[in-house]
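> Okay, handing you the structure first.
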Amino acid sequence: MTARPNSRVRDRLIAVGALTAMWMLLWGVFSWATFLSGLIVCAVVIAAFPLPPVTFAGRPRPVNLVRFTVKFFTDLVQASAHLAWTAFRFRYEAHSAVIAVRLTVRSDLNLTLCGEAVSLIPGSLIVDTDRDAGVLYIHVFDVNDRQAVEQYRREVHALEARIVRAIGSDAELKQITNEKGQP
Amino acid sequence: MNLSDVVNVLAAACLLSGAFLSLAAGLGLLRFPDLLSRMHAATKPQVLGLLLILTGTALRLGTVVDITTLILVGAFQLATAPVAAHMVGRAAYRTVQFRRDLLITDELAAQSPPGQTADSRRPEQS
Amino acid sequence: MTVVAFAVAVLLAAAFGMALIRVVYGPSTLDRIVANDVLLAITVGAIATEAAYTRDATGLPILLGLALLGPVASIAVGRFAAPARPIPGSAPHEDERPESQPSDRGGQP
């Protein structure tokens, strides 16, 4: 990974900020006292237990973040309702498929976020990943023909595009739009 | 019909739908044909069902301290559930504990190098 | 609210029973672990519902612990139940592949 001191400091600051937010949520009190104590505790934790760096190269775009969240929750409700309906349909044997989806952006963070989002939505499950090639192997429940499989593959690509638009860097965004330009 | 009634009705709706999703998951767990399908059924109460029940509880309790705790519970659950599901799913695939005849396509088996196809991979029933 | 709490309790108990049947019948360790996860999720739901019904937040810290530590069991079992397999494309490790997996086929006939 890039060991530029600037990006390292930025990564650590983001980590401290996130941990402090969690600390304040745990206390349930939003005051300067919890903020400062949280800052100290989290700085000590980050300094004492260093983790392998996760480079967050992008920047959050609030509007796209909201768009991603709304779409994620509608997908969640839709998929849960579909799955519940399948569970109540007797004498129906659902078919499934294991498909490989090659992600456009190959960073570790993008692979992780896409994997999390895909497996949080019921009806799809990560069976295996290929980190070097950026491929997710997804088990999809209740698909009945090749057409549905291709449809699902497009949905995963759309999900990845939404994630990159929400928090990706400009370079990653360009990659996504280029991919879309040449079908 | 004042505000607290509305909140109570909303909370009740959330709790009931969350419980209903759990029931559907239990049913799916019983009658889906193979392990990987059952895992899909298991994701439901862990994600949407739990979020609904937590929302209902947050509406009923309505104090900041409790709501922050509930938000953290939801966040932890959303962060950890996929990890567990992935580990179990990976183990299920590698030990071939699923019905191949139910699969329309298996692009992971095609990826494996020769001699490592799914059928020659360690059969689990020996 | 009493009627709602009763209905939720019945639904959750039914779901709990069905998941328990899956735990008992298996047939494999992984089936049981998946069902166990569902049992845990239902338990979290039940504790949260109890807090909502009584408007008493005593049980909420338990939920934090359950949500954080619950998946550890599945991760551990999933980790040990999967045989090592060379990653596609890399050099095969035929000699390293475990040919006999003594203890992780629990429940298989």
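The values are calculated or read from the model by the stated rules, or taken from the named source; none is laboratory data. None of these values were measured; they are calculated from a predicted model. Counting neighbours? That spans all protein chains shown, and the Cβs are built from the backbone with ideal geometry, glycine included. Please note that ligands, DNA and RNA were not included when accessible areas were found on the heavy atoms of the full protein model with its side chains. Shrake-Rupley method; radii C 1.70, N 1.55, O 1.52, S 1.80 Å.
> Considering only residues that are among the small types (G, A, S) and outside any helix (DSSP H, G or I), which ones fall in segment A:126-160?
A:A133, A:G134 - these are the residues of segment A:126-160 that are among the small types (G, A, S) and outside any helix (DSSP H, G or I).
> Just a yes or no: is a residue in segment B:93-110 more than 9 Å from chain C (Cβ to nearest Cβ), assigned to a helix (DSSP H, G or I), of a type in the set (D, E) and open to solvent by 10 Å² or more (accessible area, probe 1.4 Å)?
yes
> Give the residue, chosen from B:H86, B:H40, that is touching a strand residue (DSSP E or B) at 6+ places or on another chain (Cβ under 7 Å), open to solvent by less than 20 Å² (accessible area, probe 1.4 Å) and not polar (S, T, N, Q).
Only one candidate passes the filter, namely B:H40.
> Here's another thing I want to ask about it. Just to be sure, is B:L30 open to solvent by 40 Å² or more (accessible area, probe 1.4 Å) and within 7 Å of chain C (Cβ to nearest Cβ)?
Against the criterion (open to solvent by 40 Å² or more (accessible area, probe 1.4 Å) and within 7 Å of chain C (Cβ to nearest Cβ)), B:L30 qualifies.
> Return yes or no: is B:T69 in contact (Cβ under 8 Å) with a residue 40 or more places away in the chain, more than 25 Å from A:T86 (Cα to Cα) and more than 12 Å from the chain's Cα centre (by Cα)?
no
> Another one. Given the residues B:A12, B:A85, which is the only one that is within 23 Å of A:L83 (Cα to Cα), in a helix (DSSP H, G or I) and facing chain C (nearest Cβ under 7 Å)?
B:A12
> Search segment A:87-112 for residues being touching a residue at least 40 places away in the same chain (Cβ under 8 Å) and facing chain B (nearest Cβ under 7 Å), and hand back the single one that is surrounded by the most Cβ atoms within 10 Å (Cβ to Cβ). Don't jump to the end; show me each part of the working.
Going through segment A:87-112, the residues touching a residue at least 40 places away in the same chain (Cβ under 8 Å) turn out to be A:94-99, A:101, A:103-105, A:107-110.
From what's left, facing chain B (nearest Cβ under 7 Å): A:94-99.
Details: A:A94: 20, A:H95: 18, A:S96: 28, A:A97: 22, A:V98: 25, A:I99: 24.
Checked segment A:87-112; the qualifying residue surrounded by the most Cβ atoms within 10 Å (Cβ to Cβ) is A:S96.
> Let me ask something else about it. For the condition on the phi < 0 side of the Ramachandran plot and more than 16 Å from the chain's Cα centre (by Cα), what is the one hit in B:L27, B:L50, B:L54, B:L16?
Values: B:L27 fails: more than 16 Å from the chain's Cα centre (by Cα); B:L50 fails: more than 16 Å from the chain's Cα centre (by Cα); B:L54 fails: more than 16 Å from the chain's Cα centre (by Cα).
Within the list B:L27, B:L50, B:L54, B:L16, the selection yields B:L16.
> Still on this structure: Only one of these is surrounded by fewer than 22 Cβ atoms within 10 Å (Cβ to Cβ) and modelled with pLDDT under 85: C:A57, C:A5. Name it.
Checking each option against the conditions leaves just C:A57.
> Report, by residue number, each residue of segment A:44-86 that is open to solvent by 80 Å² or more (accessible area, probe 1.4 Å) and touching a Ser or Thr at 6+ places or on another chain (Cβ under 9 Å).
Once the filter is applied, which keeps residues that are open to solvent by 80 Å² or more (accessible area, probe 1.4 Å) and touching a Ser or Thr at 6+ places or on another chain (Cβ under 9 Å), segment A:44-86 yields A:V54, A:R59.
> I need a count of the residues in segment A:35-62 that are modelled with pLDDT under 85 and either outside any helix (DSSP H, G or I) or among the β-branched types (V, I, T) (or both).
Total satisfying the criteria: 14.
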